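Working notes for the structure below.
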Amino acid sequence: MASVPSKRRIAQGVAWASSAQWGGQLMSFGIYTGLARLLNPQVFGLVAIAGVYIALIQVFVQQGFGTAIIQRGELDREHVDSAFWIAMAAATIFTLLSILLSGDIARLFHEPKIAPVIGWLSLSLLLYALSSVPTALLTREMDFRPLAIRSLAATAAGGAVGLGMAYYGWGVWSLVGQQLVNSALACICLWSAVPWRPSFRISRRHLRDLYGFSLNIAGNDLLWFFSQKSDQTLVGYGFGPLGLGPYSLASRLVTLLHDAIIGPVQSVALPTFSKLQSEPLRLERALHKFCEMSAFLSLPMFAGLIVVAPELVPLLFGMKWTSAVPILQILAIYAALRAVFGFVHPLMIAKGRPGLYLLMFVIQSALTFVGCLVAVRWSPEAIALSMVATMAIFAIFTFVVPMKIIKINVPALLKTFAFPGLLSLFMLAVVALTRHCIAKVFPPLITVLVCVIVGVISYALAALLIRPDLVNLIWEMVATTLLPRTPRGRVVSTVPAGHDEIVE
């Protein structure tokens with residue numbers, strides 16, 4: 001039986017995981033910005049098309065084994081060895097097939113230039129398979145330090161190679177080189193941190209143990225692909241690299257903001273809901289608080305992004321990326337709607353209804369794919385609008401059916417979004433008026449800085465005047481997450497100090 005980790009180990013794990021998440025995101029964004037200024041949108045579009053294909057194949061290479069290893073209570077060496085060799089066999093087969101079929105895949109997207117890109121990026125499937133089991137073993141032991149170092153070092157090395165190649169005119173190959181160096185160095189770091197080495201054996205009995213759980217995970221991963229990558233797949237198919245380049249940039253930016261804002265709050269949702277699963281009234285109050293906090297943090301960010309996008313995109317990435325502005329504004333609305341569902345998954349799990357969540361995921365994936373398929377006849381902006389429309393339809397379905405099935409008071413839950421929503425609209429109006437007054441007078445950098453400052457001040461002052469309790473609660477959670485130790489060195493609980501306030 002796996003030992004229960006101590007609070008000290010959990011706190012250290014959270015600290016290292018947070019360092020990797022925030023440090024990696026900031027570094028990746030800086031590298032991405034530099035590459036975007038050196039390369040044109042078509043180059044990014046070529047690699048984005050190939051990246052969509054590689055992301056799909058990774059689901060079949062991994063087959064959910066990594067999560068199965070992490071989740072399993074009794075783990076034998078045969079489980080680990082068998083999972084490793086099956087993943088390597090799948091990676092080898094799919095790598096060879098991808099190289100052989102790269103020309104056919106390129107013809108499917110009406111872009112012959114992506115054939116060699118797919119061929120070279122297919123090598124990352126082998127590196128991904130090599131890394132999957134060591135990553136799972138380190139995660140299982142909550143040894144996040146090597147994972148954090150791996151992530152940061154690989155991102156830095158890959159970024160340095162990519163930027164250097166782009167500077168010297170390697171074009172699309174600078175992005176290919178960046179990804180391959182990133183994957184290769186990450187693999188080396190992982191194997192140097194794990195004492196386990198595979199024995200050449202495959203146990204059918206132990207594989208059956210893993211497949212009972214891993215196939216469900218693989219199914220979820222496949223659904224995630226269709227719900228999150230359908231838009232980019234169809235943009236690439238319908239409009240080629242020139243259409244997908246700006247779309248992928250806008251999508252990457254809103255995803256970065258969504259994960260950075262919602263992630264820290266989500267990290268404590270599942271343990272909190274799980275502890276309260278036998279107390280429905282306290283669980284529902286906790287849900288209300290989490291929803292209100294996530295909306296309070298995310299909605300103003302996306303509202304402000306809608307306003308300053310015309311200055312922000314050329315300022316960060318250059319004038320050649322201006323076609324990404326309307327897409328970014330539309331996807332910011334999508335990200336705001338998506339933030340509303342940040343706690344549906346942990347709520348369903350805590351309520352013991354994973355099957356209901358799977359059904360919801362199937363419906364969301366189907367809606368997303370069909371919506372994008374209909375919109376592909378028009379433009380990338382139309383596909384972005386279809387993402388907003390399908391998310392809105394899915395929102396109505398979620399609040400009408402599943403929430404009633406698990407006996408959540410829907411009107412009361414919707415009220416939790418009223419204050420952050422109205423406050424964000426107020427801030428949006430203030431920032432839009434500010435931009436209207438200064439955009440023609442000041443350069444883009446000054447315009448963006450003034451709009452950000454005005455937005456933060458107006459939002460914060462209004463929030464402090466109307467809901468100081470909510471501001472204080474969020475501040476306590478952020479401070480506790482960033483500083484997991486007391487001045488005397490005692491490790492505090494991984495549930496933030498605001499936890500008691502949340503559930504009472």
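Before moving on, here are some points about what is shown:
- Scanning region 420-441 for residues that are under 14 Å from GLU311 (Cβ atoms), hydrophobic (A, V, I, L, M, F, W, C) and out of contact with any Gly (no Cβ under 8 Å at 6 or more places or on another chain) gives ALA432, CYS437, ILE438, ALA439, VAL441.
- Residues that are in contact with a helix residue (DSSP H, G or I) (Cβ under 7 Å, 6 or more places away or on another chain), among the hydroxyl-bearing types (Ser, Thr, Tyr) and surrounded by fewer than 18 Cβ atoms within 10 Å (Cβ to Cβ), drawn from region 161-178: TYR167
- ILE327 meets the conditions (1) at pLDDT 90 or above; (2) surrounded by fewer than 18 Cβ atoms within 10 Å (Cβ to Cβ) in every case but one. The failed one is (2).
- Residue match in region 416-428 (condition: open to solvent by less than 20 Å² (accessible area, probe 1.4 Å) and modelled with pLDDT under 85): yes
- Residues within region 148-160 that are at pLDDT 85 or above and either surrounded by fewer than 22 Cβ atoms within 10 Å (Cβ to Cβ) or part of a loop (DSSP other than H, G, I, E, B) (or both), tallied: 4
- Complete set of residues in region 371-381 that are in a helix (DSSP H, G or I) and farther than 15 Å from GLN228 by Cβ: LEU373, VAL374, ALA375, PRO380, GLU381
- Among residues of region 226-244 being open to solvent by less than 60 Å² (accessible area, probe 1.4 Å) and modelled with pLDDT under 80, the one that is farthest from the chain's Cα centre (by Cα) is SER227.
- Among residues of region 314-325 that are closer than 14 Å to LEU38 by Cα, those with a beta-carbon under 8 Å from a residue that is surrounded by fewer than 17 Cβ atoms within 10 Å (Cβ to Cβ) and among the β-branched types (Val, Ile, Thr) at least six positions away or on a different chain give the pairs PRO314/THR322; LEU316/THR33; PHE317/THR33.
- Every condition in (1) within 21 Å of the chain's Cα centre (by Cα); (2) modelled with pLDDT of 90 or more holds for ALA136 except the one numbered (2).
- Taken over region 181-201, the criterion of being within 15 Å of ALA129 (Cβ to Cβ) and either modelled with pLDDT of 85 or more or among the hydroxyl-bearing types (Ser, Thr, Tyr) (or both) is satisfied by SER183, ALA184, CYS187, ILE188.
The values are calculated or read from the model by the stated rules, or taken from the named source; none is laboratory data. Quick caveat: nothing in here was measured; it's all calculated off a predicted structure. Note: ideal-geometry Cβ built from the backbone for every residue, glycine included; neighbour counts use all protein chains shown. Note: areas computed on protein heavy atoms with side chains; ligands, DNA, RNA excluded. Shrake-Rupley method; radii C 1.70, N 1.55, O 1.52, S 1.80 Å.
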